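The values are calculated or read from the model by the stated rules, or taken from the named source; none is laboratory data. Since this is a predicted model, take the numbers as computed values, not measurements. With ideal geometry, Cβ positions are generated from the backbone for all residues, glycine too; neighbour counts draw on all protein chains shown. Surface areas here come from the heavy atoms of the whole protein model, side chains and all, with no ligands, DNA or RNA. Shrake-Rupley method; radii C 1.70, N 1.55, O 1.52, S 1.80 Å.
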Amino acid sequence: MSITETSPAIEAEQTPLIIGHWINGASVVPANGRTTPVYNPATGAVRAEVALADETDIAAAIASAGAGFEVWSRYSIAKRQAVLFAFRELLNARKGELAELITAEHGKVLSDAMGEILRGQEVVELATGFPHLVKGAFSENASTGIDVYSLKQPLGVVGIISPFNFPAMVPMWFFPIAIAAGNAVVLKPSEKDPSAALWMARLWQEAGLPDGVFTVLQGDKLAVDGLLESPVVQSISFVGSTPIAQYIYETASKHGKRVQALGGAKNHMLVLPDADLNLAADMAINAGYGAAGERCMAISVVLAVEPVADELIAKVAERIGTLRIGNGSSTPEPDMGPLITDVHRSKVSEYVDIAEADGATVIVDGRGFSVEGAEDGFFFGPTLLDNVPTTSRAYTEEIFGPVLSVVRVQSYDEGLDLINSGQFGNGTAIFTNDGGAARRFQNEVQVGMIGINVPIPVPVAYHSFGGWKKSLFGDAKAYGVHGFDFFTREKAITSRWLDPAAHGGINLGFPQND
Ligand code: NAD
């Protein structure tokens, strides 16, 4: 393994560019030769190769994080807070660089890349106020002469495994809080867009974080399993697809770890007959096609309560006609970029084939779509399907592309039953002008995050993010108070400083309060 200090500019000149790990405060390109290509999805060109960790890299990353924890956990609250503020200031000043990296590897348009950074920055800002959230409690004289108090201590080395679709925001759901609470983080980003993690590692170093406290381990299943099985790693925060989330939850739990594993989604938007259909159509476009549908909070099903379906579909189709699709870093900025890989594009296309074969009507067809001058990019056009049968795999499974399925229902109850009978429970939205109906919906729907006339209800940093059912395995959601609880463990101390005159002598009974 060779350790090289590199800046992004120097790396860009290397041929071929190998995106390495970040271990012990330095970029590490391993000698094992295991790599996989990283594409620019808008051009289809290979940008770089990313290293895939082997056992030696995994051991080095975890050992360095362990050493980092020993240093960091002894830092005073004031010193930790100073580093967090410095990170926040640097991120705020330089986020444009990070947005460009995200667009180049993920494909989402630049303003959307900036949007995910801003939502991540909210969590950094929440974490700067950590002293209030990790302080314990004190009960004086809980029993006569006895004080009881609690401490919230860090876990140690914590693992974060993130998906491709938010290479900056999803890691930022976890690491600001984990680090603020005194832990050392090993982040295993998606191998599809690994550069954002390295960029953030360099920023932490500039902010004054001791080496080893923020480690990036690039890799595939081998790296993930290394984290799940390591006795040093105390917890796992995972975000990704449901089958992998379930595997992570089961495997990490078996190895005695605290786990939060956020999975996939199939988010429904219920449009009642009294809704403002222009607003509903705008929001369906925003939530269905933004980031090419590669958002876990994307709307993928519109449940149109009759008689609104025909009018709503016409409005959505009309708006689709105005969308500009292209390279997310071009000017003027398009509305929507490409999908992440060619393989994923084929999968999305197959779901449209399945829907059609099962009897759905294809109103707008994005299959075979290409952008002039960027024919090798992984573009897929916005797609609108009507009358999608609820038995079709295109309805029951997550597509994760720019495909909006309309299902016509006759009543609120029919729509609610469909939402509640699905396997996922991440997000949902109701569009109505009836406050009573919205209130009933928020109470009856079996979903973790609900929008009322809001299509992508991602909670702000001081609430917590997480779904129900197969969208979240484990008890703790991401960020907010859940985040601080997840990344700390509590000790309760019962203490008596003897007043020599009050010594009660030997008593074998169970302690009772008096
Ligand atoms: P993914 O499950 O394929 O990968 C997620 C992570 O797991 C990556 O780091 C990947 O390297 C790793 N991984 C993949 N296969 C593995 C295996 N067999 N064993 C161990 N590790 C493995 O997900 P993705 O395609 O990167 O991301 C898209 C998915 O993430 C969608 O399903 C989306 O809904 C979901 N997602 C959910 C949320 C949420 O908050 N619930 C947020 C963002 C994304």
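Scan segment 401-412 for residues that are outside any loop (DSSP other than H, G, I, E, B) and surrounded by fewer than 21 Cβ atoms within 10 Å (Cβ to Cβ) and report the count. Of the residues in that region, 3 qualify.
The condition (being free of Cβ contacts under 8 Å to residues at least 40 places away in the same chain and either more than 15 Å from the chain's Cα centre (by Cα) or open to solvent by 30 Å² or more (accessible area, probe 1.4 Å) (or both)) is satisfied by just one residue among 460, 445: 445. The residues in segment 319-346 that are touching a residue at least 12 places away in the same chain (Cβ under 8 Å) and part of a helix (DSSP H, G or I) can be counted, and the count is 5. Against the conditions (1) within 16 Å of the ligand (Cβ to nearest atom); (2) open to solvent by less than 10 Å² (accessible area, probe 1.4 Å), residue 191 satisfies every one except (2). Taken over segment 178-188, residues that are away from the ligand (no atom under 16 Å from the Cβ) and surrounded by 24 or more Cβ atoms within 10 Å (Cβ to Cβ) amount to 6.
The rows are residues; the columns are (1) under 24 Å from the mean Cα position of the chain (by Cα); (2) touching a residue at least 24 places away in the same chain (Cβ under 8 Å); (3) open to solvent by 30 Å² or more (accessible area, probe 1.4 Å); (4) under 30 Å from residue 337 (Cβ atoms).
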position	(1), (2), (3), (4)
49	yes, yes, yes, yes
53	yes, yes, no, yes
66	no, yes, no, no
73	no, yes, yes, no
91	yes, yes, no, yes
118	yes, no, yes, yes
128	yes, yes, no, no
133	yes, yes, yes, no
142	no, yes, yes, no
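Looking at 490, 398, just one residue is open to solvent by less than 70 Å² (accessible area, probe 1.4 Å) and acidic (Asp, Glu), and that residue is 398. Inspection of segment 114-124 identifies at least one residue that is within 16 Å of the ligand (Cβ to nearest atom), assigned by TED's automatic domain parsing to the domain that holds residue 476 and out of contact with any helix residue (DSSP H, G or I) (no Cβ under 7 Å at 6 or more places or on another chain). Contact map, segment 357-378: first residue without any contact (Cβ under 8 Å) to a residue 60 or more places away in the chain and open to solvent by 30 Å² or more (accessible area, probe 1.4 Å), second residue among the polar types (S, T, N, Q) and in a loop (DSSP other than H, G, I, E, B), Cβ cut-off under 9 Å, separation 6 or more or different chains; pairs are 357/392; 358/391; 358/392; 359/387; 359/392; 361/387; 373/327. On the basis of being under 29 Å from residue 435 (Cβ atoms), outside any strand (DSSP E or B) and either touching a residue at least 12 places away in the same chain (Cβ under 8 Å) or open to solvent by 30 Å² or more (accessible area, probe 1.4 Å) (or both), does residue 316 make the cut? Here the answer is yes, as residue 316 does meet what is asked. Regarding segment 169-177, can at least one residue be identified that is open to solvent by less than 10 Å² (accessible area, probe 1.4 Å) and more than 16 Å from the ligand (Cβ to nearest atom)? Yes, segment 169-177 contains at least one residue that is open to solvent by less than 10 Å² (accessible area, probe 1.4 Å) and more than 16 Å from the ligand (Cβ to nearest atom).
Condition check: within 15 Å of the ligand (Cβ to nearest atom), in contact with a Cys (Cβ under 9 Å, 6 or more places away or on another chain) and of a type outside the set (D, E, K, R). Does residue 163 satisfy that?
So residue 163 passes the test.
Of all residue pairs spaced 6 or more apart or on separate chains, those with beta-carbon atoms under 8 Å, a first member in segment 158-180 that is farther than 21 Å from residue 113 by Cα and a second member that is within 6 Å of the ligand (Cβ to nearest atom) are 159/188.
Which is touching a residue at least 12 places away in the same chain (Cβ under 8 Å) and open to solvent by 50 Å² or more (accessible area, probe 1.4 Å), of 311, 294? Working first, answer last.
Numbers: 294 fails: open to solvent by 50 Å² or more (accessible area, probe 1.4 Å).
Unique residue meeting the criteria: 311.
The residues in segment 467-484 that are open to solvent by less than 10 Å² (accessible area, probe 1.4 Å) and away from the ligand (no atom under 12 Å from the Cβ) can be counted, and the count is 3. Kindly indicate the residue of segment 319-346 that is under 27 Å from the mean Cα position of the chain (by Cα), exposed (fewer than 14 other Cβ atoms within 10 Å of the Cβ) and not aliphatic (A, V, I, L, M) and also farthest from residue 112 (Cα to Cα) among those meeting that condition. Of everything passing the filter in segment 319-346, 346 is farthest from residue 112 (Cα to Cα).
Among residues of segment 223-274 being under 24 Å from residue 70 (Cα atoms) and away from the ligand (no atom under 15 Å from the Cβ), the one that is most open to solvent (accessible area, probe 1.4 Å) is 231.
The single condition among (1) open to solvent by 10 Å² or more (accessible area, probe 1.4 Å); (2) within 28 Å of residue 228 (Cα to Cα); (3) under 19 Å from the mean Cα position of the chain (by Cα) that residue 202 does not meet is (3). The set of residues from segment 38-63 being touching a Leu at 6+ places or on another chain (Cβ under 9 Å) and within 21 Å of residue 330 (Cα to Cα) comprises 38, 41, 47, 48.
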